[in-house]
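Quick notes on the structure that follows.
Read the figures in this text as sums done on the coordinates, not as results from a lab. Not measured: the values here are computed from a predicted model. Glycine also receives a Cβ, built like all others from the backbone with ideal geometry; neighbour counts cover every protein chain displayed.
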Amino acid sequence: MELHQKLEILADAAKYDASCASSGAARKDSRGSKGVGSTGGSGICHSYAPDGRCISLLKVLLTNACLYDCHYCINRRSSNVQRARFTPDEVVQLTLDFYKRNYIEGLFLSSGIIRSADYTMELVVDVARKLREEHHFRGYIHLKTIPEASPSLIELAGRYADRISINIELPTQEGLTKLAPEKNLARTQLAMDHIRNKIDERHADKRKPDAPKPPPFATGQSTQMLVGADDSTDAVILRRADLLYGDYRLRRVYYSGFSPIPEPSLLLPIKPPPLVREHRLYQADWLLRFYGFTVGEITTEASPNLDLHLDPKLAWALRNRAVFPADVNKASRESLLRVPGLGVRNVNRILSARRYTRLRLADLLRLRVPMKKVMPFIIAADHNPARLGLDDEALRARFLPPPRQAELDFEMPMAAPSDIDSVRTGEM
Amino acid sequence: MRTVVIEPVFEAWRESARELLSLRVPPSEVLWSDDAREPALFAPANENLPRAVVPNVPASFLDMARSVAAHTDVRRWSVLYRVLWRLTHGDERNLLAISPDPDTRQLQQWCKAIGRDIHKMHAFVRFRLVGKDEITGREQFVAWFEPEYRIVRLAAGFFEKRFAGMDWSILTPHECVHWDGSAIHFTPGVSRSAVPDDDALDELWRTYYRSIFNPVRLKVRAMQAEMPKKYWKNLPEASIISELIAESGGRVDKMLTTESRPAKPAPKNAYLESLRKMNTPQPPSDAPSNEP
Ligand code: SF4
C-alpha cells in the first residue's frame, strides 16, 4: 500500500480523539544539536480544519487493526473499515518531514491493539525512541498508552514522551461493559495512578539538589471522555472528571461529543448529541479548575444536566442571586470570579487596577467586559444594579438567545460565538 | 512644539525618548513621525545595554515598548512617550498596573496585536525544501511569509531554537531572516517570486488535512476566526478547504443512512482470553454512579 493511502486511513482513524494539545512540555530545543525541535510554553496550532479544530500534531494510528470491540470506534474489530499499518520508520520519517516544513508541533501516536497490549506498546515506543535517539528530535511527542501494557513499557513511553494519555472513554464501568467490553475502569485508573507516581517522582527528584538527574519523564497526562454515547448525565461525567483531576492530577480531560462514524454499531444512538453539550462541559470544566466551583454547584440533583441555553456560570448565578451584586471595588477575588462575564484575566486586571483607582463602568467597558451580562451582578463606583431587577423572575429570559424561527424549533440550541470563545480561552 | 522623525524601530525611539526626557520636554510638545525611507539594517539590539532608559522605569515598560515599536500605528511613538513621561514625571509609577487607563489599555492592545502576529508567524510559516548544502550535508529550506507588522526580529528566535539542525531563510516583504547553523542574520525584504511555490510534501500534508477533518462537525466560522483568509494564500492546505466544506453534507448523510453493523464475536486469541480472566480489581468505592 502507498504511503499516501496509509496516511489517509490512519489519520482518518485517529481523528475522533479530541486531544491535540502541545503545551505544558518541559523546555527543550534543538540548539547545538543535529536535529530539529523545541517545546515549552504554550503549543501552537499550525492549522485549523473546517471543523474548527486546531491541528497541532501529526495525529495518526500506527495501525487501525484492533482486537477490541469498542462500539463507538471506527477501528473496532466488528467494523469493515479498510485496515492499514505504518512501519515505525514510516511514522518517523513523516513526523520529521512534516516538522521541518513547520506543519506541526510534533507527533501524537496511538494504535489499535494487535496481538497484545505489550506487543502494540513496544511498536509505539519504538517510534518515539527512534525519533529521540536516532534523529535527535526535540519536538513534542504524545503517546497514547494502553492500560493493560506492562508498567515498564508505560515507563519507557513516559521517558520519550512529553505527554502520555490513556482514554477513560466513559465515566462508568456500566457504560464500558456495554460499549467497550474489553476495557475496565479500575485498570485504567490504576495505570493513571502509576503514571501520576512517575510524574511526581520526577518532580520530587528535581527538587533535591544533590540527587542524580532523574531520567526524563512526561510532564503530564490527559484523557478523553465520550459524551452522548451512553446515558451518563453531565453530573456523572463531571464527577468522574473531578476525581481524575484530583486523584491522578490529570492536565486535561477532553470531552468528545460522540460523533456518527462510518461503520456505525447497532448499539449506539444514530443521532449525535448536540454539539453545544460538549461546549457546556468544557465550560463547566474550566469552572472546576480555575474558578473555584464544585461539581455540586454546577449541576444539581434536580437538574443533573447542564443548561444547554445558558453557560454554566450564568446558570449558577441565576440560581444563587442572593450572593450578588458583587462590588468590583471591594469584593474578593473568589467572588469576582463568580460574576458571569468576568474571566480570570479581567478579574486580575480589576484587582490590580483597584489598588490605585476606583473602577467605574467606563473602565470595565475599556476592558471589554460584556456589559449587558455583567451589569445585573455588580456594583461599580457609578453603578448599583438595584433597579435592574436582580430579583426579577424575567432575568433569565433576558439572557436566552432570541427565539428561533418556527421551522427550526426542533433543532437543538447552538453555542453562541462567545461560548465558543470561552471554551478556547477559559474566559467566562 | 518639536517634530522628531525616527527610523521606525525601538532603538531609535529609545534614543530620542531618552534625550527628550533629559531635556524635560513634556509629551504635548512633541510630534513623532516615522522616517519614510525603508529602514536601513540596524545592528541587532544589544542585549547588554542597561534595561532602563532612566532609573525607575519598570522593565515591563521596556518590554512593552519593544513590542509596540513593531506596530504600524502612527500614534505609537507618542503614546509610548506619554506613558514614559507619566511614569517618570507624572507621579504615576503604577500606571501600567491600571489596565483601564486609556494609555495603558492602548499599549496592551497593541502588544496583543503584535503577540498575535508573532504567534501566527510561528504557526503559518511553511518551509519548502530547496536543496542540500554539498559540504555540510545540511538540508536547506526557504519560506515566504507576510506578517501584518514588523515582527521578523521579534519572531526569529523561535525559529532559531526550533530549526537549529537545518539551514533556513524566511523571506518577507519587509525584512528577511536567515540561519546557517551558526548565526542568525537579517537582510532587506524581497518579493514573493524568490520562493518556490510548492514542496514535494505539500500533497501528503493535504492528504493529512483532508483525513483529519471530521465532516460531522463543520464549523467554518470557528476555523476562520483562528486562521483568517488573509493567510490562506501561503498555506498549502488552504487550497482544499472549499472542496472539503462542499463535500461534508453528502458525507454526513451517507454515514447517517448506513446500516449499522452487529458486533462480531471475539476471535480466538490468547491475549483476549487473558483479559477476560484478568482478576479485575473493584472500582474505587467513591466512583461516581448514575444515581444522584
Ligand atoms: S481499543 Fe477500542 S477505541 Fe482503541 S482502537 Fe481498538 S476499538 Fe478503537
Determine the dipole magnitude for segment A:3-214: charges of +1 sit on the beta-carbon of Lys and Arg, -1 on that of Asp and Glu, nothing else is charged, the reference point is the Cα centre, and the result goes in debye to the nearest 20. 500
What list do you get for B:Val30, B:Val68 if you sort them by fewest beta carbons within 10 Å? B:Val30, B:Val68
In square nanometres and to one decimal, what's the mean projected area of the convex hull around the Cα atoms of segment B:200-257? 4.2
Ratio to report: Rg/Rh of segment A:3-214, with Cα atoms as the point set and Rh obtained by the Kirkwood method; give two decimals. 0.96
Starting from the coordinates of the alpha-carbon atoms of the protein assembly as shown, obtain the Kirkwood hydrodynamic radius over all distinct pairs and give the value in Å to one decimal. 28.2
In cubic angstrom, how much convex hull volume per residue do the alpha carbon atoms of chain B span? 302
What is the distance in Å between the Cα centroid of segment B:4-26 and that of segment A:282-314? 52
With runs of 4+ DSSP H residues as the only contributors, calculate the mean residue ellipticity of the protein assembly as shown at 222 nm using -39,500 (n - 2.57) per run, divided by the residue total and rounded to the nearest 500. -11500 deg cm²/dmol
Identify which of A:Phe377, A:Phe108, A:Phe98 has the largest mean-square fluctuation in a Gaussian network model of chain A, with springs joining Cα atoms closer than 10 Å. A:Phe98
Degrees between helix B:202-212 axis and first principal axis of chain B (Cα, 0 to 90, nearest 10): 60
Taking each residue of A:35-41 in turn, how many C-beta atoms of other protein chains fall within 10 Å of its C-beta, and what is the average? 4
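Rg(Cα) of chain A divided by 2.2 N^0.38 Å?
Details: Rg = 23.6 Å, N = 428, 2.2 N^0.38 = 22.0 Å.
Here the answer is 1.07, to two decimals.
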With everything on Cα atoms, drop me the angle between helix B:152-162 and the longest principal axis of chain B, reported from 0 to 90° to the nearest 10. 40
Over 10 Å intervals from 0, what percent of Cα-Cα pairs in segment B:64-223 sits in each interval? 9, 28, 26, 21, 11, 4, 0
I need the GluC sites (Glu not before Pro) found in segment B:119-176, filtered to DSSP loop residues with at most 10 other beta carbons within 10 Å of theirs. B:Glu134
Order of A:Val253, B:Val74, A:Val124 - criterion: other Cβ atoms within 10 Å of each residue's Cβ, fewest first: B:Val74, A:Val253, A:Val124
Let me see the P(r) profile for segment B:145-277: every Cα-Cα distance counted, bins of 10 Å, each bin given as a percent of all pairs. 9, 24, 24, 18, 12, 9, 3
Those lysines that a straight Cα-Cα span of less than 21 Å connects to B:Lys112, excepting residues fewer than 8 apart in one chain: B:Lys120, B:Lys229, B:Lys230
Nearest 20 debye, what's the magnitude of the dipole of the protein assembly as shown about its Cα centre given +1 on Lys and Arg Cβ and -1 on Asp and Glu Cβ? 1220
Put +1 on the Cβ of each Lys and Arg and -1 on the Cβ of each Asp and Glu in segment B:125-194; which of B:Ser193, B:Tyr149, B:Leu129 then has its Cα farthest toward the positive end of the dipole? B:Tyr149
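I'd like the mean, over residues of B:254-261, of how many other protein chain beta carbons sit within 10 Å of each residue's own Cβ. It would help to have the intermediate numbers written out before the result.
Numbers: counts 1, 8, 5, 2, 6, 3, 8, 10.
The shielding value for this peptide is 5.
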Taking only Cα atoms and a 10 Å spring cutoff, compute GNM fluctuations for chain A and point out the largest among A:Pro340, A:Pro262, A:Pro171. A:Pro262
Students often get this wrong, so check it: of A:Lys198/B:Lys161; A:Lys271/B:Lys268; A:Lys271/B:Lys264; A:Lys100/A:Lys183; A:Lys15/A:Lys183; A:Lys6/B:Lys254, which have C-alpha atoms separated by over 31 Å? A:Lys271/B:Lys268; A:Lys100/A:Lys183
Run through the DSSP bridge list for the protein assembly as shown and note the antiparallel percent, rounded to the nearest 5. 35
Averaged over peptide A:179-189, how many Cβ atoms belonging to another chain are found within 10 Å of each residue's Cβ? 3
By count of other Cβ within 10 Å, fewest leading, how are B:Met166, B:Met255, B:Met121 ordered? B:Met255, B:Met166, B:Met121
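Just for chain A, what percent of DSSP beta bridges are antiparallel, to the closest 5?
Antiparallel bridges make up about 15 percent of those DSSP assigns within chain A.
Tell me the relative contact order for chain A as a rounded percent, counting alpha carbon contacts under 8 Å between residues six or more apart. Walk me through the numbers before you get to the answer.
Numbers: 712 pairs, mean separation 50.8, N = 428.
Answer for chain A is 12 percent.
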Using a Gaussian network model of chain A with C-alpha springs under 10 Å, which one of A:Glu134, A:Glu278, A:Glu169 is most mobile by mean-square fluctuation? A:Glu134
